[in-house]
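Trainee: Mind having a look at this structure? Questions to follow.
The values are calculated or read from the model by the stated rules, or taken from the named source; none is laboratory data. For clarity, every value in this text was computed on a predicted model and none was experimentally measured. When we count neighbours, we look across all protein chains shown, and the Cβ atoms used for this are built from the backbone with ideal geometry, even at glycine.
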Amino acid sequence: MSPGAEQGLPQCRECLALGLAWTRLLTCMTCGWVACSDDSPGTHAREHYRETDHPVVTALASETTWRWCYVHERTV
């Protein structure tokens, strides 16, 4: 089981459904959806972008200001 699954912490729902573990979680800056990063087996944050055109994500860790834009394939 992936980190936080039993404690009610943020998690990648798609990874949980598929039995995958994630490397780190990202949050969609448009709608707040939480999904796994590109360095995780599922790459569900990128999949969310492809489905919704929500282009910018941030790391779930609150102490970071890092942002990634899928449109431009770079940090913003």
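Trainee: Name the residue, out of Glu63, Glu51, Glu14, that is at pLDDT 95 or above and either surrounded by fewer than 16 Cβ atoms within 10 Å (Cβ to Cβ) or part of a loop (DSSP other than H, G, I, E, B) (or both).
Mentor: Just a single option satisfies the conditions, and that option is Glu51.
Trainee: If you don't mind, there's one more thing I want to ask. In the stretch 24-71, what count of residues is obtained for those that are within 12 Å of Gln11 (Cα to Cα) and touching a Leu at 6+ places or on another chain (Cβ under 8 Å)?
Mentor: 10
Trainee: Which members of the stretch 5-44 meet the condition of being in contact (Cβ under 8 Å) with a residue 24 or more places away in the chain and among the hydrophobic types (A, V, I, L, M, F, W, C)?
Mentor: Result: Cys12, Cys15, Leu18, Leu25, Leu26, Cys28, Met29, Val34, Cys36.
Trainee: Cβ-Cβ below 9 Å, separation at least six or inter-chain, first residue in the stretch 45-57 and at negative phi and small (Gly, Ala, Ser), second modelled with pLDDT of 95 or more and buried (at least 23 other Cβ atoms within 10 Å of the Cβ): which pairs?
Mentor: Final answer for the pair search is Ala45/Cys12; Ala45/Leu25; Ala45/Leu26; Ala45/Ala35; Ala45/Cys36; Ala45/Val57.
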